[in-house]
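Peer 1: The structure that follows is given in the form of C-alpha cells.
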Amino acid sequence: MSEALRGRVVVVTGASSGIGAAVGRALADAGAKVALAARREEALREVRAGLGDGAETLVFPADVTDRGLVRKLVGRVEQDLGPVDALVNCAGVMYFTLMKNVREEEWDRTVDVNCKGTVNCVGAVLPGMLERGRGHIVTISSDAGRRVFPGLAVYSASKFFVEALSQGLRLETAGTGVKVTTIQPGNVATDLLELSGDEEALQQYGQPTGARVLDPEDVAASIVYALSQPDHVAVNEILVEPRDEPV
Ligand SMILES: NC(=O)C1=CN([C@@H]2O[C@H](COP(=O)(O)OP(=O)(O)OC[C@H]3O[C@@H](n4cnc5c(N)ncnc54)[C@H](OP(=O)(O)O)[C@@H]3O)[C@@H](O)[C@H]2O)C=CC1
Ligand SMILES: CC(=O)[C@H](N)C(=O)O
C-alpha cells in the first residue's frame, strides 16, 4: 500500500454510515489520522470501533448545517490531531421528489445539507490550508452532478452546485498548493434512498434496475487514489459508475 497518506490529518463528514464510513476505514488503513464527523455519535463510535487498534482518530458529532459547530470541529481536530491536510465532504441527503408534489421541506433540507453544509465545511478549512500552502478538499458529488435525473431535480441541482463550487475553488486556488476534487458516483449500496417519502416519485424513478451497484468501498478507493497522488498531480474529477448502469 502507498505510504502517501501516513500521518496525514483528514476530516471526513458523513462518516457515520455508507460512503463516509468506508472512507474513514480506508484512510485509517492507509495510516491517516482521521476525524469522523456526522450527527449520530453512537454510529460514529461504531465506525471507530471497527478501525485498527493503531488508528489515531477523533469522533466529533456535528451537524454540517451549523457553521459554528463545523468551526469547532476543525479547531478540535487541529488541537488533537494536527493541521487539516484534507477534508472529505461526504455528508449529504437525497430525496426522490416530483416537482409537482411540492415537497418543500425536503427541498430545503437538500439545499441546507448538500449546499450550505458543504460551503460551511470548505469555509472552516480553507484559510488554514492557504496559510500552510497545502491542502486537499474532496467533495462527494454524484453522476447527478453531471446530468439531471428525473425525480431528483433539487438533488441534481445541489450536486451541480457542489460541482460549480469546486470548479470555482479550483480556479481560485491554482498555484496555492490546494487541490480540489469531486467524486461522481453512480448508485452505491447505502441507506441514502431510505430518506425518500414521495412514493409517486419513488415508484416512477427510484426503482432499482437490477444491476450490481457499487459498494461504498469502491467509492472510498477512488478517494484514496485522489488523495495519494504526488504534489504536482491533481485528480480533479472521478466518475465512478456501476458497470451496467452507465450515464
Ligand atoms: N448512495 C449513492 O448511490 C450515492 C451517494 N452519493 C453521495 O454520497 C454522500 C454520502 O451518502 P451515502 O453514503 O450514500 O448515504 P448515507 O445515508 O449512508 O450517508 C449520509 C451521511 O451524511 C450524514 N449527514 C446527513 N445529514 C447531515 C448533517 N446535517 N450533518 C452532518 N452529517 C449529515 C449522515 O450522518 P448522520 O445522519 O449521522 O448525520 C451520514 O453519515 C452523499 O452526499 C450522497 O449524495 C453520491 C452518489 C451516489
Ligand atoms: C442520481 C443517483 O441516484 C445517484 N446514485 C446518487 O445517489 O447521487
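Peer 1: Nearest 5 is fine: what % of DSSP beta bridges in the chain come out antiparallel, could you say? It would help to have the intermediate numbers written out before the result.
Peer 2: Numbers: 0 of 28 bridges.
Percentage antiparallel, nearest 5: 0.
Peer 1: Using the Karplus curve 6.51 cos²θ - 1.76 cosθ + 1.60 with θ = phi - 60°, what ³J(HN,Hα) values do you get for each residue of region 119-132, in whole Hz, with x for Gly and Pro?
Peer 2: 4, 4, 5, 4, x, 6, 9, 4, x, x, 5, 5, 4, 7
Peer 1: Taking the simple approach of a point 7 Å from Cα along Cα-to-Cβ for both Asn236 and Arg132, what is their distance in nm?
Peer 2: Result for the modelled spin labels: 2.5 nm.
Peer 1: Using R₀ = 45 Å, calculate the FRET efficiency as 1/(1 + (r/R₀)^6) where r is the Cβ-Cβ separation of Gln207 and Asp29; round to 0.05. All intermediate terms of the calculation are to be shown ahead of the outcome.
Peer 2: Working: r = 35 Å, r/R0 = 0.77.
Efficiency, rounded to the nearest 0.05: 0.85.
Peer 1: Continuing with this model, one more query. Arrange Val122, Val77 by Cβ neighbour counts within 10 Å, fewest through most, would you? Could you put the intermediate results ahead of the total?
Peer 2: On the way: Val122 20, Val77 24.
The fewest-first ordering by Cβ neighbours comes to Val122, Val77.
Peer 1: Give me His136, His232 sorted ascending by neighbouring Cβ count inside 10 Å, so fewest comes first. Mind dumping the intermediate values first?
Peer 2: Numbers: His136 24, His232 5.
Lowest count first: His232, His136.
Peer 1: Based on the Cβ-Cβ distance of Gln79 and Asp191, what FRET efficiency does E = 1/(1 + (r/R0)^6) give at R0 = 30 Å, to the nearest 0.05?
Peer 2: 0.40
We did not get these values from a lab; they are worked out from the coordinates using the rules stated. If you're wondering where the values come from, they're calculated on a predicted model, not measured in any experiment. Glycine gets a Cβ as well: all are built from the backbone with ideal geometry, and neighbour counts include every protein chain shown.
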